[in-house]
Amino acid sequence: MSPAPQSSRRPLSTARVLEAAIRVADRGGAEAITMRRVAQELGVEAMSLYHHVPNKDAILDGVIDMVFAAIALPCADCDDWRDAIRTRAHSARAVLSQHSWALGLMDSRRDPGPATLRHHDAVLGVLRRAGFTLPMAAHAVSLIDSYVGGFVLQEANLPITTPEDVEEVAGGILAHLPADDLPYLTEMIADHGLRPGYDHTSEFGYGLDLILDALEARRREPLRR
């Protein structure tokens, strides 16, 4: 398809290039981000992008910074640090669920943008002001981010998205499960997974609260800091 006449398009900008790259990645993953495909998304020639981004690495740095910018910063004046981190974790899960391809890039970029740096500083600030020592703050960030990222990846690969999907998939497994040989798995599916009102997405909050409560317990033990 030939590019549309310039007069019928909004002028290119760095933000538009990055937004187009995110759309490309949302459809095809991070590996789909190329100068050619981003240009096609915008309806322009690839050479036009170089007026706004020097290369593909700059696009990757930029899209990750935009992802971080979309994640809510933890409030700096919450009475309980767990409330601040909980809000941020739920926001991170929501954003990364839309852009799960970003998980493989978030910790690999060597030139983090301003939103990325501001985000990390805000999270560390909440922990340090709450009384975490520097090593404990590092442990907390690693643990929480690993949990969020792992949960997002797990959700992205689950064959279920709705309660109806749970009933169909779990019911299909249960129908062929040797209950006498696998009694505990049978019990889990029949009496938990297929229970009316069960929502597998609620597991995120339960696990997050366990992590936050455990970190709070460690924070209160001076010798463990």
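The values are calculated or read from the model by the stated rules, or taken from the named source; none is laboratory data. The model shown is predicted, which means the values in this text are computed figures rather than measured ones. Reconstructed Cβ throughout: ideal geometry from the backbone, glycine too, with neighbour counts over all protein chains shown. Areas reflect the complete protein model, heavy atoms only, side chains present, ligands, DNA and RNA absent. Shrake-Rupley method; radii C 1.70, N 1.55, O 1.52, S 1.80 Å.
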request  = Any chance you could give the angle, 0 to 90 degrees and rounded to 10, that helix 203-219 forms with the longest Cα principal axis of the chain?
outcome  = 80
note = Honestly region 153-207 on the Cα gyration tensor test (a ≥ b ≥ c root eigenvalues; a/c under 1.5 rounded, otherwise a/b vs b/c for prolate or oblate) is just prolate
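Counting Lys and Arg as +1 and Asp and Glu as -1, what is the net charge of the other residues whose Cβ lies under 12 Å from the Cβ of Trp101?
Working: positive: Arg23, Arg27; negative: Asp26, Glu31.
Local charge sum for Trp101: 0.
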key: Candidates Asp181, Asp213, Asp79, ranked by Gaussian network fluctuation over the chain, Cα under 10 Å, top entry   = Asp181
note = In terms of the alpha carbon gyration tensor, root eigenvalues a ≥ b ≥ c, rounded if a/c is under 1.5 and otherwise prolate when a/b exceeds b/c or oblate, region 98-170 is prolate
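Which whole-number value in Å² is the accessible area per residue of the chain, probe 1.4 Å?
Numbers: 13190 Å² over 225 residues.
In whole numbers, the chain has 59 Å² accessible per residue.
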note = Taking Cα atoms only, helix 81-98 is inclined relative to the longest principal axis of the chain by an angle, in degrees rounded to 10, of 60
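Would you kindly state how much longer the chain becomes between Asn157 and Met188 on full extension, computed as 0.36 nm times their sequence separation minus their alpha carbon distance, in nm to one decimal? List each step's numbers first, then the result.
Values: separation 31, 0.36 × 31 = 11.16 nm, distance 2.03 nm.
My answer for the length gained is 9.1 nm.
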ask   = Comparing Leu49, Leu103, Leu182, which has the greatest mean-square fluctuation in the GNM of the chain with Cα pairs linked when under 10 Å apart?
value = Leu182
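Given a Förster distance of 22 angstrom, what is the FRET efficiency for Cys78 paired with His120, based on the Cβ-Cβ distance and rounded to 0.05? Each step should come with its number before you reach the end.
Working: r = 18 Å, r/R0 = 0.81.
Once rounded, the FRET efficiency stands at 0.80.
Leaving out ligands, DNA and RNA, and with a 1.4 Å probe, what % of the accessible surface on region 83-210 is carbon or sulfur?
Details: 4300 of 7500 Å².
Roughly 57 percent of what the probe reaches on region 83-210 is carbon or sulfur.
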request  = Rounded to the nearest 500, what is the 222 nm mean residue ellipticity of the chain from helices alone, with -39500 (n - 2.57) per DSSP H run of 4+ residues and division by all residues?
outcome  = -19500 deg cm²/dmol
request  = Obtain the nm distance between the two label points defined at Ala217 and Asn55 by a simple spin-label model: each point lies 7 Å from its Cα along the Cα-to-C-beta direction.
outcome  = 4.9
remark   = Among (i) 67, 52, 25; (ii) 60, 44, 32; (iii) 53, 33, 32, the entry matching Cα extents along the principal axes in Å as calculated here is (i)
note = Shape call for region 1-133, from the Cα gyration tensor axes a ≥ b ≥ c (a/c under 1.5 means rounded, otherwise prolate when a/b beats b/c, else oblate), comes out prolate
